[in-house]
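Comments concern the structure below.
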There are 2 protein chains.
Amino acid sequence: MYKILKTDGRAKRAEFTTVHGTVQTPVFMNVGTVAAIKGAVATTDLQQIGTQIELSNTYHLHVRPGDKIIKQLGGLHKFMNWDKPILTDSGGFQVFSLAGLRKIKEEGVTFQSHIDGHKIFMGPEESMQIQSNLGSTIAMAFDECAPAKADRKYIQNSVDRTYRWLERCKKEMARLNSLPDTVNPDQMLFGIDQGGVFNDIRIDHAKRISELDLDGYAVGGLAVGETHEEMYDVLDNVVPYLPQDKPTYLMGVGTPANILESVDRGIDFFDCVYPSRNGRHGHVYTKFGKINLFNAKYETDTAPIEEGCGCPCCQNYSRAYVRHLLKAKEMLGMRLCVLHNLYYYNHLMTDIRAAIEEGRYAGFKEEALYQMKTYDKQ
Amino acid sequence: MYKILKTDGRAKRAEFTTVHGTVQTPVFMNVGTVAAIKGAVATTDLQQIGTQIELSNTYHLHVRPGDKIIKQLGGLHKFMNWDKPILTDSGGFQVFSLAGLRKIKEEGVTFQSHIDGHKIFMGPEESMQIQSNLGSTIAMAFDECAPAKADRKYIQNSVDRTYRWLERCKKEMARLNSLPDTVNPDQMLFGIDQGGVFNDIRIDHAKRISELDLDGYAVGGLAVGETHEEMYDVLDNVVPYLPQDKPTYLMGVGTPANILESVDRGIDFFDCVYPSRNGRHGHVYTKFGKINLFNAKYETDTAPIEEGCGCPCCQNYSRAYVRHLLKAKEMLGMRLCVLHNLYYYNHLMTDIRAAIEEGRYAGFKEEALYQMKTYDKQ
């Protein structure tokens, strides 16, 4: 159940109730691809850094350890010891970006495992079956994420097929949820709007998928090579055609600035690998911008990464210590940076929610975007 | 101050009071080579796994980030945010095992950094100066750790020089501790008995270093290639010649069985990289022996690594989950295994202390050694 508590311009402050608890939106989902957040972060760490939803990847878990094994072990929640919401993607994005030698047909996609090269077939039904075995809170529809620079004709054909796949996903999920041994009989389904940067195709697709009355809707196929301005233009044009009374998820986005701009265009779910990937490379976020801890000027810097930050890194360790760990290639350096970055993202969302509640989102956004450029200006 | 609370055979149950708190012995020191325990373990994790003393390596910290930088930052305790005891080794072992192209003279050793090959000179004074800059609770004397198979003549010369180095260490530490800006003016010094497997040389050395009235004594140069029986034989012969009213530290040892046997020969300080190194490779300790989590039979094993274990891994995660993480090369798998293994070692010491206190050490040791072979027998 999705309930809007407050709107401020196009920004929405809402609550999304699931069988695994209620999510306060706008929310940033923390990415744990193979049932763990990269950087040695455990589910027992997530309370401390303010995680509301964890996101895992269907394709990765299908190839290792296998979704049937996870079902046998009681589902993904039990496997990774996490009782709050989990969203699983459909596998589609990985099939189209990671796997080798793929062949797309009406039935689905045949491709090679990136681990051992063995042939795998995945269509809408298979994606739903895998996600049902995982028992996630929210399953994503199986879609084609078309190449960023595909032509109009390719995109139109792809979107038409993705729509037919969505109908099959909905039907298959209803069947799976009704089975007696299903892990999560309340599993929800989000549809995905596609169409590249062709707004008319995206709008038409948005209208058609809206009629299916799904639990939520995503904008997919963005942040794959187009400019930020093109992405914002798509959101300006397309989000108004998605149901306002359902959560809207912008997949794979993005930088703190992207999130601030997209919330302002009606988005309330986000996910991105930036905080964990950047953290593992010593790039850490502060309200004054991103800094690179490998920089020599932090060698004797006794300040925390960010003054006043409540994360497990800043509460205990200096920039000098974390930099030393990173230079010495100690895993602990990566863990501390990832914990900090996820805390930063999760608490950016807290601040965003407060600003919307108090009807001051426009000013908050401008101020936050301005502050983020501080280090760049030095 | 070292106070024996109870003896049971040759096993000693004691308290060692330092400026950074009191240590209950026998104790296993947890190795954090470059000011962090490998496997993404932070000092904030150590309370939970029962760590009493952390051990860091002088050579590594000298070459990176540099002991002068650590002094500038307030010393090692402040740098790594740990207020309990820290022991630093002398750098000697690394100079003789890790560094390239070394040249030993009466003054000290010239060698090449293993990081960038630059030439470094380290003698007794330099080792004490570095350890003073680090401000550890206990500094180790600078010694030569001679090759395991060195001949008698080499060993005798080496031990004579190591004795002269010890006198210089003692003098230099007294000077450093009296300086106004020293990090830890109460820094303690442990001497190291050497002599390979030549008991008469070791006994003679033990007698001579005992006269210097140091804060503690170590048996060094063991666990470098000799058999376990040779090592126990050295302990049987040498430990009686070290002061009984001072802590006795067996450097770099060892397996749980080695520890059980060595406590029975009067040892009360241990350190070893096994729990963290084995943990990073998925080899985990239980009271029934060591298991390899990569083994296929753990793929769907919902039990914790060890039933009843109170560690952060066993309290939250199954063998199946940890195995999956290890197979997927997720750092979290290594972290969880290292936390478990250190918890195991630290709590083995708790059990050892209780057994000595209750005067049942011999029986406890036999039972523990027998149980440890359970998995091997399956």
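The values are calculated or read from the model by the stated rules, or taken from the named source; none is laboratory data. What you see is a predicted model, and the numbers here were worked out from it, not measured in a lab. Neighbour counts run over all protein chains shown; Cβ positions are idealised from the backbone, glycine included.
Annotations for the structure displayed:
- When A:Gln94 is tested against the conditions (1) of a type in the set (S, T, N, Q); (2) more than 13 Å from chain B (Cβ to nearest Cβ); (3) over 18 Å from the mean Cα position of the chain (by Cα), the lone failure is (3).
- A:Ile192 fulfils the conditions (1) more than 17 Å from A:Phe96 (Cβ to Cβ); (2) surrounded by 15 or more Cβ atoms within 10 Å (Cβ to Cβ) except for a single criterion, (1).
- Residue in the range A:146-168 that is closer than 18 Å to A:Thr88 by Cα and either in contact (Cβ under 8 Å) with a residue 60 or more places away in the chain or among the acidic types (Asp, Glu) (or both) present: no
- Residue match in the range B:292-301 (condition: of a type outside the set (D, E, K, R), more than 29 Å from B:Asp45 (Cβ to Cβ), not assigned by TED's automatic domain parsing to the domain that holds B:Cys145 and not in a loop (DSSP other than H, G, I, E, B)): yes
- A:Lys327 charged (D, E, K, R), more than 21 Å from A:Gln52 (Cα to Cα), at the interface with another protein chain (Cβ under 7 Å from one of its Cβ atoms) and surrounded by fewer than 23 Cβ atoms within 10 Å (Cβ to Cβ): yes
- Identity of the residue in the range A:70-83, charged (D, E, K, R) and more than 27 Å from A:Cys145 (Cβ to Cβ), that ends up surrounded by the fewest Cβ atoms within 10 Å (Cβ to Cβ): A:Asp83
- In the range B:291-314 there is no residue that is of a type in the set (Lys, Arg) and more than 14 Å from chain A (Cβ to nearest Cβ).
- Filtered by the rule that a residue be more than 22 Å from the chain's Cα centre (by Cα) and assigned to a loop (DSSP other than H, G, I, E, B), the range A:194-212 gives A:Phe198, A:Glu211, A:Leu212.
The rows are residues; the columns are (1) within 16 Å of A:Lys119 (Cα to Cα); (2) touching a Gly at 6+ places or on another chain (Cβ under 7 Å).
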{"position": "A:His60", "(1), (2)": "yes, no"}
{"position": "A:His77", "(1), (2)": "no, yes"}
{"position": "A:Met80", "(1), (2)": "no, no"}
{"position": "A:Asp83", "(1), (2)": "no, no"}
{"position": "A:Gly92", "(1), (2)": "yes, no"}
{"position": "A:Leu101", "(1), (2)": "yes, no"}
{"position": "A:Gly108", "(1), (2)": "yes, yes"}
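- Looking across the range B:303-321, the residues that are surrounded by 15 or more Cβ atoms within 10 Å (Cβ to Cβ) and free of Cβ contacts under 8 Å to residues at least 40 places away in the same chain come down to B:Pro304, B:Ile305, B:Glu306, B:Cys309, B:Cys313, B:Cys314, B:Asn316, B:Tyr317, B:Ser318, B:Arg319, B:Ala320, B:Tyr321.
- Members of the range B:109-137 that are out of contact with any helix residue (DSSP H, G or I) (no Cβ under 6 Å at 6 or more places or on another chain) and farther than 23 Å from B:Gly216 by Cα: B:Thr110, B:Gln112, B:His114, B:Asp116, B:Gly117, B:His118, B:Lys119, B:Ile120, B:Phe121
- Scanning the range A:33-62 for residues that are facing chain B (nearest Cβ under 10 Å) and in a helix (DSSP H, G or I) gives A:Thr43, A:Thr44, A:Asp45, A:His60, A:Leu61.
- So B:Tyr285, is it surrounded by 18 or more Cβ atoms within 10 Å (Cβ to Cβ), touching a Gly at 6+ places or on another chain (Cβ under 8 Å) and outside any loop (DSSP other than H, G, I, E, B): no
- Pick from the range B:138-180, criterion small (Gly, Ala, Ser) and surrounded by 14 or more Cβ atoms within 10 Å (Cβ to Cβ), ranking: nearest to B:Gly74 (Cα to Cα): B:Ala139
- Residue within the range B:339-361 that is part of a helix (DSSP H, G or I), over 24 Å from the mean Cα position of the chain (by Cα) and surrounded by fewer than 23 Cβ atoms within 10 Å (Cβ to Cβ) present: no
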